[in-house]
Each structure stands twice: as structure tokens, then as C-alpha cells.
Amino acid sequence: MSISTVAEPLTAGLVAEDGSRVSRRLFFDDAVYEEERRRIFERTWLFVGHESQIPDAGDFIASSMGEEPVLVSRGIDGSVSVVVNSCTHRGTKLCDVDRGNASTLTCPYHGWQFALDGRLLGVPRFAAYLGELDKSDRSLHRPRVETFLGLIFATFDLGGPTLREYLGDDLIFYLEATFDRDGTGTSVVAGIHRWHIACNWKLPCENQAGDLYHPDVSHVAALSLGGDSVSASLDPGVQVTTSEGHAMVVRTMPEGTPPADLVPGGNAGVDWFTGRHELVEERLGAERSLIVPIAGNVFPNFSMLPSVFSIRVNHPRGPMGTEVWAYCLVPSAAPPEVREQIHGYYQVTFGPGGLVEEEDGENWIGMTNGASTARTDPRPLHIGMGLGTEYTDERVPGSVAPLFTEHNQREFYKTWQRWMDRP
Amino acid sequence: MDGPAVTAATTGAATTDVVALDLEIARFLYREAALLDDRRWDDWLALWAEDGHYSVPIRRDVEGDDSWGRPVEECFGGPGELHYVDEPFLVASVRVAKLKTGKAWAEQPPSHTTRLITNVHVLDDPDGEPDGDEVLVHSNFLVHRTRGATHQEQFVGTRRDRLRRSDDGWRIAGRRVFLNTSVLGVANLQLFF
């Protein structure tokens, strides 16, 4: 009999209890990153794609869960499957394209053939296995998959909470106001902005969780070309962290606000959005129609920027690398000219060539390098703005704080620490 | 059995007039690249036609959609699909205005670029008017960008330019940039190709 001892995780205590101090090791350390892969990316629900990317039976897209390549597909019965993109024979990557339509997946090495839902259908020279090979035991590895308002999530934790439990009712309150505002849902424009930033994956996530402290400084060049300062354009805004540790930034408009001031972002499609206000009130209720989502992050790495019509995943690629996959989100009912305006507005402001977003990557690279090169400073990083200012407000479910605080960042790192500490 | 057709389109056989035009266009594109490398933004903007359009589409990698024999345009996302950049030339002047604020931090201090422009030749233009004042031009590029002590990046691809003859030389009426990579290895695209 062997005796095993349960050691404290090597990541214990890296985030202060109140979230206001965070160790630099979170942003460059290989050992911390390995633990994150196991404790976060193999246990949480991860965004893998949008249902509008796979409308027809046999449609599939390549995606990834953490660093693991997966394929997301639509079955003949309309259901969505997610399988790990690696042959169960010798591990070869099965599929090297971004998307397509197929009835089966054939391994390019020895020709094992799988259904899109992962069942092993055919093995060349099967008789040569002399009965040793049980096909039913060699299906592709299948994470659990669930969809919500068109968003497809999957998890490697086969026995954990359901997606709805993981999101939590208070986050769902905001997700409905983001992804199904007028009751007819949202879709993504074809094509994905994908680019690699030499930064730790948590930095874009906590930024999009609601760092409103940075835009007036980081994006001053773009903002000086037109428009208000961020503080003016987001008033009256608040930060919210929900019960399961997810983040939102929303504007809470006063009763009697004209519908034209309740549209998601910029001037894109403003008349069309305004004309749909009755539908929005019907779907969300009069009170919730006054909540305008700006940004947010579903822990760990699914970020939302509804104010510029974007959703994105910040895929980890090693402790000092992130591959951003950014999509443009449009209301499914939008007519072509509104779709075009939304698409154009997102594209000129955000994405790797966006006038606003161009500066962000540079900051996160600087933070990642700064953490790794200045590792001798014993003081953890400072995330203390507005500590203790959080409150509750029945109109805005969750833990609420003023816009210019680091509330959502503290809560992001506290959520991170909770997942890292969980046995 | 008949072999593949050998035509001027594949061999590049051309009259001296056509070769002279290729050289004239190449000279224009080399000068233009130097303006970008030297960050002479206003001089560069002046090379554009006012109705010009600039786009950088995204490469598609789709199952069964092999690209053998297909023109490069068809291997990239088209109208209605997401692009890295797809905008009237006027937006380029906004991008320049942003750089000139001196507060576009990803270009402050500025990066250093060297553009290698090659394989320049005028193409048969299916949409062109005979004896019109526009030509369709193929060119390849390698852009090397460095910033600070550590950043080193390169972009490789091909372009299709529509150039228009004017009284004082050529103007860029349209540029489509086809990057080889489908996942960009860079933090931003704060440069022109």
C-alpha cells in the first residue's frame, strides 16, 4: 500500500484574498501555466463556436479548447457535437482545414474513419487486428457540449455542472440582453479575425471583463479623431461580477430614456435598432431594456464587446502567448444594409487592424514581458482601485461597482484562484 | 494526346511595349514603397485616387476547396465576409491622422519597415476597358517590421492593384492585399501593404 499526501497546490496564495494584489508569476511561469491547463481549461465550460457557423447537417468548424484542437459539427438530427481533433489510433491530427462539410473524417495516416460525432466507423485491414481491436472503445474523445442562445460551449469535465449552472441565472440575465435582445437571436459574420499576441491569455480577458480605466490613455490617438471620451460615452455605467465569477460592464439608463439612446454601440444601424424597441421591451421587460451591455467575460476566456458588436476567445498558447479569435456579431433579423453597417463599424474599430484595438496588444505584451523580466520585485501587482466600493442593486443582479474601479479585475483573479485551489 | 495549352498568359511572352509598361509600373511601386518605409504619409496619400479602395481579406481554408489552378482572389473571403481591412481610401487618411497624433502607442516610438516589392507585371484585365486608362497589376511583397529591441515580424503575400493613369503619373484606384497566413503572427496591423 502506498501512502499519498495531498500537497498544497503550487499556485496557492498567488492572488490576495480581496483580489487587490496579484503575483507576477501568473503571467509568465511555466509551472503555473501547466496547472492552469489542468485546473481551468480541463474543467470549465469553454466557448468553441457559434451555431450560425454550422447551419447545415455535416457542417464542421475547427476550434480549440485551451490548447486542444477540436472539431465542432452539426449532425443529421440537428444536434451539435464536439470531438478532439486527434486520431485515437496514433494521435494524428485528423483535419487541417478551418471548416467544411463532410459525412466522415478520415485520418490521413492509416485511414481510420470516424463519424462527425466521433464514432469509429471503419478501419482498413481490420481483419489483421485478429479481433484485438474493439471499435466501440476507440471513438474520438468527446467533451460535453451544450448551447445557449446560439453560443456553443464544451467542457472536458464529464461530471460537472450544466452550462446553465456554470453561467448562473444572474449572468443569463445579461446574456439574454446581449445575445437575444429583440427575441430573434444573433449570428456571426462569416470569417474570423485570428491573430497571435505574445501575451498571457488572462490579460485580454481581464481587460475585456471591464477595464474602463485604460481607454482614455491607451486609445487616446483613436479617440482624439472623433467622439467623446470613454467616461462620457459610458455614463451611467457600472461593473458587475456575477455569482459564478463572470464579468459584465453595462450602462443602466434611467426610466424614460428615448429608445435611440438604448442601442448597442456607435451609430451602426441606429434607426433600425430604435425601431425594434417594442420587441426588446417584450423580450426583456421594460426595466431590463434599459440595461445596455458594453463588455464582459465569461470565465475563463470568452469575451464579449457588444458595444462594438464583437465576441472573442483568448486561446492560451503557452504562458506567454495568446491567439485571439474574434467574431463580428449581428442580430439575426438585421437586413443586409444594417448588417453591413455593423460589420464595417466593428472592422474599422476592432480586430488586428482596428483603429482602437491596435494599441491593446502592445500593452499586454508589455505587461507579460514586464512580469517576467522584473521578477525580482517582491511586491505583487496592484489592482486596488475602488476596493470596497461594491454594492448590490436589484436592477442589476450581481456584485456591482462604479465604472472606474478595478472591481471586475479583482473578481476575475479571485475566480482564477478559486479554480486553482479546487481539488 | 494534346498537352496543356502554352499561351502568352503562361509564358509571359510580350512585346517591348508591354515590358516597358511593366518597368514603368514597377518603378512607381518601388517609389511608393519607399514613401511608406520613410513614413512620408502625406506624399503617400497623394498617390491615391480619391475614389480608391483598400482591402486586406482573410484566407479561407475550407475542406474540399483546393486552390489548385484557382486565382488567389477566390481563396479569400469575399464581400460580406470579415476582412482585416476593407474600406474606402478616405479611411486610410484617418489612419494616417491617428499615426500623426504621436499618441498611437503601438507606433510610438515608430517601427522600422523595409518593403521588398517583386514579380511586378501587368495582368490581362477581364474587367478593363480596351484602351482605358487603368491597368491591373500583380506584385508580391515581403514587409519586414521591427520595433524596439525585440519585435521582429515579417509579412509575405501578393497584391492586385488597379492603377489609373493621370496627367501627372499613376494613381492607386484599388488595392487588394492577400497575406499568406490565415492566423496573423503579429499584435497589430498598424501598417500599409
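The values are calculated or read from the model by the stated rules, or taken from the named source; none is laboratory data. Quantities reported herein were computed from a predicted structural model and do not represent experimental measurements. Positions of Cβ are generated from backbone atoms using ideal geometry, with glycine treated the same way; all protein chains shown enter the neighbour counts.
Some observations on this one:
- Pairs where the first residue, in region B:1-27, is more than 30 Å from residue B:47 (Cα to Cα) and the second is of a type in the set (Lys, Arg), C-beta under 9 Å, 6+ apart: none
- From the list B:167, B:161, the lone residue that is more than 11 Å from chain A (Cβ to nearest Cβ) and modelled with pLDDT under 95 is B:167.
- Annotation: residue A:378 fulfils all but one of (1) assigned to a helix (DSSP H, G or I); (2) without any contact (Cβ under 8 Å) to a residue 40 or more places away in the chain; (3) closer than 30 Å to residue A:21 by Cβ; the unmet one is (1).
- In summary, residue A:329 fulfils each of the numbered conditions (1) surrounded by 17 or more Cβ atoms within 10 Å (Cβ to Cβ); (2) more than 10 Å from chain B (Cβ to nearest Cβ); (3) part of a loop (DSSP other than H, G, I, E, B); (4) not hydroxyl-bearing (Ser, Thr, Tyr) with the single exception of condition (3).
- Residue among A:88, A:104 that is within 14 Å of chain B (Cβ to nearest Cβ), farther than 25 Å from residue B:181 by Cβ and not small (Gly, Ala, Ser): A:104
- Restricting region A:243-269 to residues that are under 14 Å from residue A:182 (Cβ atoms) and among the aliphatic types (A, V, I, L, M), the residue that is surrounded by the fewest Cβ atoms within 10 Å (Cβ to Cβ): A:262
- Top-ranked residue of region B:138-152 - restricted to ones that are surrounded by fewer than 17 Cβ atoms within 10 Å (Cβ to Cβ), not in a loop (DSSP other than H, G, I, E, B) and not hydroxyl-bearing (Ser, Thr, Tyr), ranked as farthest from the other protein chains (Cβ to nearest Cβ): B:138
- Some residue of region A:356-364 being of a type in the set (S, T, N, Q) and within 14 Å of chain B (Cβ to nearest Cβ): yes
- Note on region B:170-187: among residues that are touching a Gly at 6+ places or on another chain (Cβ under 7 Å) and closer than 21 Å to residue B:116 by Cβ, the one that is farthest from the other protein chains (Cβ to nearest Cβ) is B:172.
- Some residue of region A:198-211 being more than 17 Å from the chain's Cα centre (by Cα) and within 14 Å of another protein chain (Cβ to nearest Cβ): yes
- All told, residue B:145 falls short of being closer than 26 Å to residue B:49 by Cβ, basic (Lys, Arg) and at pLDDT 95 or above.
- Residues of region A:337-381 satisfying the condition of being among the polar types (S, T, N, Q) and surrounded by 18 or more Cβ atoms within 10 Å (Cβ to Cβ): A:341, A:347, A:349, A:363, A:368
- Of all the numbered requirements in (1) on the phi < 0 side of the Ramachandran plot; (2) exposed (fewer than 14 other Cβ atoms within 10 Å of the Cβ), residue A:131 misses one, and that requirement is (1).
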